[in-house]
Amino acid sequence: MNDGFITIATYPEPLEANLMRSKLLSEDIECILLDENLISVQPFYSNAIGGIKLQVHEDDAQRAKEILEESNKPPLHIIYKNINHKTNKHTKLHCPECNSTEVYYERLSNSELVLCILLLGIPLLFLKGKYHCYNCGNKWEKEKL
C-alpha cells in the first residue's frame, strides 16, 4: 500500500501533524499523513488507532527526523535577557536550580487562564507570573541572579 514509506512520528491532533508535514514539504521531503481524516471526524479514535502517522520515504527518514527535532526545540526569542545596571552588560536569566539559561516567563498557566475565564468571564492578565526553566522544569516568582 505505502511502498517505501515509513512512519517517523505520530500526532494526536491534525493541526500539529499538518504543521510538521508542511515543515517537511518546505524542505523538499515528500511525506504523507495516515488516518488524518478519521481523526478529524472522530477525534476520540486518536488513541485507539495510534494517532496520525507522518510517513516519509525510507531514504529521507534520517533527514526528516533531524528536521522535526530542530522544529521541536524552544525558539531563541523566548529566552529573555536582562540588563545588569552595574556593568551595563546584557546577562541572560538563569535557573537557580540547574543554572540553565533556557528560561522563559509564564504569565498564567493554561488551566489558570481557563479557570479565570470560566469563573469571571475575563482573563486576569495583570497577575504576576513565574519564570519557568525548560531544562529542569523549575518555577520561581522573582528573578534570582
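The values are calculated or read from the model by the stated rules, or taken from the named source; none is laboratory data. Being a predicted model, the structure only gives us computed values, none of them experimental. So basically every Cβ, Gly included, is an ideal-geometry build from the backbone, and we count neighbours across all protein chains shown.
I'm checking my understanding of the structure. Among residues of the range 10-52 that are β-branched (Val, Ile, Thr) and more than 22 Å from residue 71 (Cα to Cα), which one is surrounded by the most Cβ atoms within 10 Å (Cβ to Cβ)?
Looking only at the range 10-52, we keep the residues that are β-branched (Val, Ile, Thr), and these are 10, 29, 32, 39, 41, 49, 52.
Checking which are more than 22 Å from residue 71 (Cα to Cα) leaves us with 39, 41, 49.
Numbers: 39: 23, 41: 8, 49: 14.
In this case the residue turns out to be 39.
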query: Could you list, in sequence order, the residues of the range 40-54 that are under 17 Å from residue 21 (Cβ atoms) and in a helix (DSSP H, G or I)?
result: 40, 46
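Residues checked against (1) touching a His at 6+ places or on another chain (Cβ under 7 Å); (2) at pLDDT 90 or above; (3) part of a strand (DSSP E or B); (4) not aliphatic (A, V, I, L, M):
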site: 10; (1), (2), (3), (4): no, yes, yes, yes
site: 17; (1), (2), (3), (4): no, yes, no, no
site: 23; (1), (2), (3), (4): no, yes, no, yes
site: 56; (1), (2), (3), (4): no, yes, yes, no
site: 61; (1), (2), (3), (4): no, yes, no, no
site: 74; (1), (2), (3), (4): no, no, no, yes
site: 77; (1), (2), (3), (4): no, no, no, yes
